[in-house]
Structure formats: structure tokens, C-alpha cells
Protein chains: 2
Amino acid sequence: MKELLGRPGSVSGLLLRVSQFSCAGIAIAVMVTTDRFAEFTCFCYLVSSMALQVLWSLGLACLDIYALSKKRDLQNKLLVRLFVVGDWVTATLSLAAASSSSGIAILFVRDFHFCTGRWGLPCGSYKLAVSFAFVTWILTSISSHVMFWILSALV
Amino acid sequence: MKELLGRPGSVSGLLLRVSQFSCAGIAIAVMVTTDRFAEFTCFCYLVSSMALQVLWSLGLACLDIYALSKKRDLQNKLLVRLFVVGDWVTATLSLAAASSSSGIAILFVRDFHFCTGRWGLPCGSYKLAVSFAFVTWILTSISSHVMFWILSALV
């Protein structure tokens, strides 16, 4: 159980956190550099949710670096409980944000044809941002399951 | 561990499954009786996802009734693994469907003002269907966590 990939305070855990905040950061960068994204509530929610993800994953990456440098074990009940709740909340918010934004992107592309003609919305950029948000969710979901598994072994 | 609320083959487990397929059924009924829902891809996806949820929860409710009537124990590794995967997949699809549809509903209400005037879309019904889809997700998410917890005790 202690050798589980992606556990807190390990190199694999650190890599997972770095991937999470990188993907979330790219999703934010792509979305905010896109024309007229602020006109749509769900795209603003995507940016907020990804910003929360960046803060959470960056914080835990710093904790992993500290644990690795000081050779500390982060697997105690209280900390793992905090990680389980945090990862579950951020994973759920990421999936909700990615799904709602993909719903809007699909509406623009397939149902309203807003990507061409008079509207000419930058749907390619919207889709790219949404894709990175989905990758962020997958990575956070992995962390969430690893933490839940570790917690079940601790209690 | 064996007395966990919502475990398979128990009365609480059966009630959870009945609540899941009832809420999913109401979400489908509200959406399909709404004007012009079929014009929007995400609303059709909501109906498909909720239909899958009804099938899954109804199947497991029947299994719970069988286990209760025959006093059988459903907590073996293979079955619980199947329940974990099934609950996780249906919970994820339900959240994605509810979120994407709520994204569209928010767009119609707040950003495009399509609920009044020339368009006059039945946004109240869309919101009601989405609310039931979110309740379905919460209930399935509870089942998913209970199953994951039982599995961690079995392996």
C-alpha cells in the first residue's frame, strides 16, 4: 500500500501534481486569450475552476517537494483525509466545468453553427481549453482514487 | 464494514437504487415532454445518460431484492469490483450530462435571454430536468463511495 504510485510525498505524486497544475494552467491561458470568452458564464466558471485546481495542485506539489527533501512521510490519517476531500472536490468541480463548457462548445459547433458566418466564434480555441480541462480532471481523478485507497488502508 | 449503509443486498442499498432510478426517470420524463429538447445535442445526451442510469440502478435493485429474499450475501470481490466500476462510470456520465445541460440552461437564461421573447424556450422545464439529474448523480456518487470502501476492505 505504501508503494502506491501517485501517493503523497513521492516522486510519482509530485509528477502527478505538476501535470495537474500545468494542464489547468494551459486551459486557463488558452481560454483567457480567446475572443469574447467573458460573455459566456460557463467559460468564466471554467477559468475559476481551473484556477482553484492550479492553487490546490501547486500547494500539494510544494508539500511533496518538502516531504521529498526532508524525507518526511505524509501518510497520516488527518493529512490523507484532507487530501481525499480536496481532491474529490477539485475533481468534481473540474469535471463539471469541463462538461458545461463542452456543452456550450457543442451547441455552438453542431446546433447553432456559430463558428462560421456572422458570429465567427473561435470554437477551436474553446475546444482546446475544454480538452485540457478534461485532462486535468482525469489526472485529479487518479489522485483522488489513490488518496481514497490510502485512507481506506489507514482507518 | 459489513453494516455500511447503502451496501449491496441490504434494505438501505435497495432504497438508494430505487431513489436513483426514480430521479433519473423523472429527469427523462421532464426533458422528453419539453418542447424542442431534441434540437439540442446535450439535452439528448442527458436523456441517454439518465436512461443508462435507470437500467443500471433498476438491475441492481432487482439483485438487491433477490439477495434480500434469499438472504444471500452480495459482498464478494468479483461482484463488488463490478459494482465499483459500474457506479463510477454511471456517476461520471450523470455528472457530465447534468453539467453540460446546466451549462446550456445557464446560457439560455443568463447570456442569450432565450427564455422570453421570440424564442420563448421552456427554461423552467430544462432546469427541473437538470436538477433531477444532479440529484441522481449525488445518489449514485454515494453508492460509488460505499462500494469503493467495501472493495478496499475485501482486497
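Quick notes on this one:
- Qualifying residue in region B:36-43 (condition: open to solvent by 60 Å² or more (accessible area, probe 1.4 Å) and not in a helix (DSSP H, G or I)): yes
- Region A:66-95, residues that are open to solvent by 50 Å² or more (accessible area, probe 1.4 Å) and touching a Gly at 6+ places or on another chain (Cβ under 8 Å): A:LEU68, A:ARG72, A:ASP73
- Filtering region A:124-140 to residues that are open to solvent by 10 Å² or more (accessible area, probe 1.4 Å) and either of a type in the set (Gly, Ala, Ser) or more than 15 Å from B:ALA96 (Cα to Cα) (or both) leaves A:GLY124, A:SER125, A:LYS127, A:LEU128, A:SER131, A:PHE132, A:LEU139.
- If you go through region A:35-74 and pick out every residue that is in contact with a Leu (Cβ under 7 Å, 6 or more places away or on another chain), of a type in the set (S, T, N, Q) and farther than 30 Å from A:TRP119 by Cα, you end up with 0.
- Hits in region A:45-65 (condition: open to solvent by 50 Å² or more (accessible area, probe 1.4 Å) and farther than 22 Å from A:LEU154 by Cα): A:TYR45, A:SER48, A:LEU52, A:LEU55, A:TRP56, A:LEU58, A:CYS62, A:ILE65
- Region A:96-123, subset polar (S, T, N, Q) and at pLDDT 95 or above, residue most open to solvent (accessible area, probe 1.4 Å): A:SER102
For every residue, the table says whether it meets (1) under 21 Å from B:PHE40 (Cβ atoms); (2) not in a helix (DSSP H, G or I).
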site	(1), (2)
A:GLN75	no, yes
A:VAL84	no, no
A:ASP87	no, no
A:THR92	no, no
A:LEU121	yes, yes
A:LYS127	yes, no
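- Among the residues making up region B:76-126, those that are within 14 Å of chain A (Cβ to nearest Cβ) and among the charged types (D, E, K, R) are B:ARG81, B:ASP87, B:ARG110, B:ASP111.
- Matching residues in region A:141-155 - criterion: being more than 10 Å from chain B (Cβ to nearest Cβ) and either part of a loop (DSSP other than H, G, I, E, B) or buried (at least 18 other Cβ atoms within 10 Å of the Cβ) (or both): A:SER143, A:SER144, A:VAL146, A:MET147
- Region A:4-24, subset assigned to a helix (DSSP H, G or I) and open to solvent by 30 Å² or more (accessible area, probe 1.4 Å), residue farthest from B:HIS113 (Cα to Cα): A:VAL11
The values are calculated or read from the model by the stated rules, or taken from the named source; none is laboratory data. Quantities reported herein were computed from a predicted structural model and do not represent experimental measurements. Glycine gets a Cβ as well: all are built from the backbone with ideal geometry, and neighbour counts include every protein chain shown. Protein only, heavy atoms only, side chains kept; ligands, DNA and RNA dropped before computing areas. Shrake-Rupley method; radii C 1.70, N 1.55, O 1.52, S 1.80 Å.
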